[in-house]
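Written below as structure tokens is the structure these notes are about.
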Amino acid sequence: MLAAKFETILPHLDERQRRLLLGAEARSVGHGGIRLVAQAAGVREATVSLGVRELESGAPPLGRTRRPGGGRKRVVDLDPGLRDALLALVEPDVRGDPVSPLR
């Protein structure tokens with residue numbers, strides 16, 4: 001029954017919402033809830049444990065999925081010389097207004 005519930009609802013949630021739902025279910029089950037919920041949802045026990053900890057921390061809702069600064073960094077930030085290298089490749093073929101942002 002729990003697996004069918006998760007199969008229906010989890011695809012509609014983002015990663016944080018999933019953790020919180022799984023954590024809430026594990027807390028409602030009681031002893032052994034983390035393992036039971038992890039098996040029913042097909043996730044790691046660590047994911048469910050993190051959801052339980054997030055619920056018990058009492059922190060206010062973030063209003064966003066990831067913390068600020070999360071996610072992939074821009075390639076230009078990782079390789080500062082990339083922009084100049086790309087411009088050097090197209091520079092000989094540039095026509096029209098040199099100030100134009102279109103190249």
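The values are calculated or read from the model by the stated rules, or taken from the named source; none is laboratory data. The model shown is predicted, which means the values in this text are computed figures rather than measured ones. Here Cβ is always computed from backbone atoms with ideal geometry, including for glycine, and neighbour counts include all displayed protein chains. Quick note on the areas: whole protein, heavy atoms, side chains included, nothing else; ligands and nucleic acids left out. Shrake-Rupley method; radii C 1.70, N 1.55, O 1.52, S 1.80 Å.
Points worth noting:
- Qualifying residues in region 38-89 (those that are over 14 Å from the mean Cα position of the chain (by Cα) and of a type in the set (Val, Ile, Thr)) - the one farthest from Leu21 (Cα to Cα): Val76
- Residues of region 20-37 satisfying the condition of being within 14 Å of Lys5 (Cα to Cα), among the hydrophobic types (A, V, I, L, M, F, W, C) and more than 18 Å from the chain's Cα centre (by Cα): Ala24, Ala26, Leu36, Val37
- Residue satisfying all of: in region 1-25; small (Gly, Ala, Ser) and closer than 28 Å to Gly71 by Cα; surrounded by the fewest Cβ atoms within 10 Å (Cβ to Cβ) among these: Ala24
- Residues in region 51-70 that are over 14 Å from Asp14 (Cα atoms) and open to solvent by less than 70 Å² (accessible area, probe 1.4 Å): Val52, Glu54, Leu55, Gly58, Ala59, Gly69, Gly70.
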